[in-house]
Amino acid sequence: MAAPMKPQILCGPENFPVLTKQVNILICAVEINTTRTELIVQTFQDRIFIIVTQFSKIGTLVSVTNDRLTDTSGAALSMASTNVLMGADEPITHVIARNLVTEVPLTKPILLSVALKDSSPKTVKTLAKILPSLL
């Protein structure tokens with residue numbers, strides 16, 4: 001059995017078709033299972049905008065917020081809440097959105113755009129590991 005390939009992460013405008021002068025935008029390209037995946041992160045004062053695309057365009061827009069709950073013992077729990085704002089409101093969209101932000105600290109609400117050709121668990125987990133390094 002072959003060892004899994006580590007994705008190659010390419011950051012910066014030379015690896016992406018859009019040039020920007022904004023200092024609060026980070027653009028990266030990652031090749032996962034031979035599919036180019038572009039990640040764009042822009043931080044605003046009140047939220048974080050994340051684009052994850054394999055189509056070079058914006059996909060389904062999902063709002064991800066942090067809900068604080070308490071269990072029966074009174075212990076505080078944190079859970080990501082998702083709401084599809086535009087695009088396909090299907091259960092898999094919510095699963096992908098929650099899994100993509102599992103490693104991201106939810107200090108601000110996130111506006112997430114998802115357009116994936118390959119939405120396999122392996123791809124989503126790989127992207128979830130990369131996203132925190134872009135914030």
Number of the exception - Ser119 against (1) part of a helix (DSSP H, G or I); (2) modelled with pLDDT of 90 or more:
(1)
Taking first residues from the range 70-98 that are closer than 25 Å to Lys129 by Cβ and of a type in the set (A, V, I, L, M, F, W, C) and second residues anywhere that are part of a helix (DSSP H, G or I) and open to solvent by 90 Å² or more (accessible area, probe 1.4 Å), the pairs with Cβ under 6 Å that are 6 or more apart or on different chains are Ala80/Arg98
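Listed residues Thr35, Thr53; which is out of contact with any strand residue (DSSP E or B) (no Cβ under 7 Å at 6 or more places or on another chain), open to solvent by less than 40 Å² (accessible area, probe 1.4 Å) and closer than 16 Å to Ala115 by Cβ?
Going through Thr35, Thr53 in turn, just one is out of contact with any strand residue (DSSP E or B) (no Cβ under 7 Å at 6 or more places or on another chain), open to solvent by less than 40 Å² (accessible area, probe 1.4 Å) and closer than 16 Å to Ala115 by Cβ: Thr35.
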Please determine whether any residue of the range 65-80 is among the hydroxyl-bearing types (Ser, Thr, Tyr) and open to solvent by less than 30 Å² (accessible area, probe 1.4 Å).
no
With respect to Leu111, determine if the residue is more than 25 Å from Asn33 (Cβ to Cβ) and modelled with pLDDT of 90 or more.
yes
Restricting the first residue to the range 42-67 and requiring it to be farther than 17 Å from Ala88 by Cα, which pairs with a second residue that is of a type in the set (A, V, I, L, M) and part of a loop (DSSP other than H, G, I, E, B) meet a Cβ separation below 9 Å and a spacing of at least six or different chains?
Thr43/Leu135; Ile48/Val104; Ile48/Leu135; Ile50/Val101; Ile50/Val104; Ile50/Leu135; Thr65/Leu106; Asn66/Leu106
So which strands (runs of 3 or more DSSP E) stay within the range 1-108 end to end and still have 2 or more residues that are modelled with pLDDT of 90 or more?
35-43, 48-53, 60-70, 76-86
Name the residues in the range 99-135 that are closer than 15 Å to Ile40 by Cα, open to solvent by less than 30 Å² (accessible area, probe 1.4 Å) and without any contact (Cβ under 8 Å) to a residue 60 or more places away in the chain, would you?
Leu100, Val101, Val104, Ala128
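The values are calculated or read from the model by the stated rules, or taken from the named source; none is laboratory data. Everything numeric here is computed off the predicted structure, so don't read it as measured data. Counting neighbours? That spans all protein chains shown, and the Cβs are built from the backbone with ideal geometry, glycine included. For the accessible areas, the whole protein counts, side chains as well, though only heavy atoms, and no ligand, DNA or RNA atoms are used. Shrake-Rupley method; radii C 1.70, N 1.55, O 1.52, S 1.80 Å.
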